[in-house]
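To start, the structure under review is shown below, and the notes come after it.
Read the figures in this text as sums done on the coordinates, not as results from a lab. Everything quoted here is computed from the prediction, not taken from an experiment. Note that we place each Cβ from the backbone using ideal geometry, even for glycine, and neighbour counts take in every protein chain shown.
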Amino acid sequence: MKTYTAKAQTVEKKWYVVDAEGVSLGRLASQVASVLRGKNKPEFTPNTDTGDYVIVVNCDKVVLTGNKLEDKYFCYHTGYIGGLKQIPYKQMLAEKSDVVVYEAVKGMLPKNSLGRQMLKKLRVYKGAEHNQAAQKPEVLELK
């Protein structure tokens, strides 16, 4: 018996569009990351990019459960001494909701060159319109 390993050149890539309206941020990010990795395909190989392209629309209507809207902070560091910045998620969702969804998905992908390659297949839009109509994306229903 030989083990099948997928080649990056032979994997057929599809385009999916996900509507984030009313969906919890964590559930959205985990399921989108799974599709970007290719875990929904039978030919999934951990060391090969077998995933599909994902377009997330209406990311400004994503929800956070519990008190996370007031209690949770989006943190980053400027690189300078004492440069830790913390922004409440309420403010981040109002101003940069696309960054919130992008960073949530990024945190669920591998932290290596393969993960960075998978992240390039993600497109996030605030409104309901997107620029990838020519690729004929299929609607992906989240569970």
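What the table below lists for this structure:
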read-out: Per DSSP, loop chymotrypsin sites (Phe, Trp or Tyr not before Pro) in the range 64-143 with at most 14 further Cβ within 10 Å; value: 80
read-out: Sequence of 30, 113 once ranked by neighbouring C-beta atoms within 10 Å, starting from the fewest; value: 113, 30
read-out: Neighbour-count ranking [beta-carbon atoms within 10 angstrom, fewest first] of 78, 50; value: 78, 50
read-out: Helix axis angle, 25-37 relative to the chain longest principal axis, alpha carbon, degrees; value: 30 degrees
read-out: Cα-Cα P(r), the range 6-62, percent of pairs per 10 Å interval; value: 24, 47, 23, 6
read-out: Cα gyration tensor category, rounded, prolate or oblate, for the range 1-116 with a/c compared to 1.5; value: prolate
read-out: The chain: calculated mean residue ellipticity at 222 nm from DSSP helix runs of at least 4, using -39500 (n - 2.57); value: -8000 deg cm²/dmol
read-out: Cut-off under 5 Å, modelled amide H: who pairs with residue 74 long-range; value: 87, 89
read-out: Average Cα contact separation per residue, the range 2-143, under 8 Å, 6 or more apart, as relative contact order %; value: 33 percent
read-out: FRET efficiency, residue 77 to residue 142 (Cβ-Cβ, R0 35 Å, nearest 0.05); value: 0.65
read-out: For the range 1-48 and the range 51-103, distance of Cα centres in Å; value: 23 Å
read-out: Set of lysines near residue 7 by C-alpha distance (under 16 Å), chain-local residues within fewer than 8 positions excluded; value: 39, 41
read-out: Amide H partners (placed H, <5 Å) of residue 63, local residues excluded; value: 22, 23, 24, 25
read-out: J(HN,Hα) series, the range 82-91, from Karplus relation 6.51 cos²θ - 1.76 cosθ + 1.60, nearest Hz, glycine and proline x; value: x, x, 6, 10, 10, 10, x, 5, 4, 6
read-out: Amide proton proximity set for residue 56, modelled H, under 5 Å, gap of 5+; value: 18, 123, 124, 125
read-out: Top positive-direction residue, dipole computed over the range 30-143 with Cβ charges, set 66, 99, 132; value: 99
read-out: Trypsin sites (Lys or Arg not before Pro) within the range 19-111, DSSP loop, no more than 11 other Cβ atoms inside 10 Å; value: 111
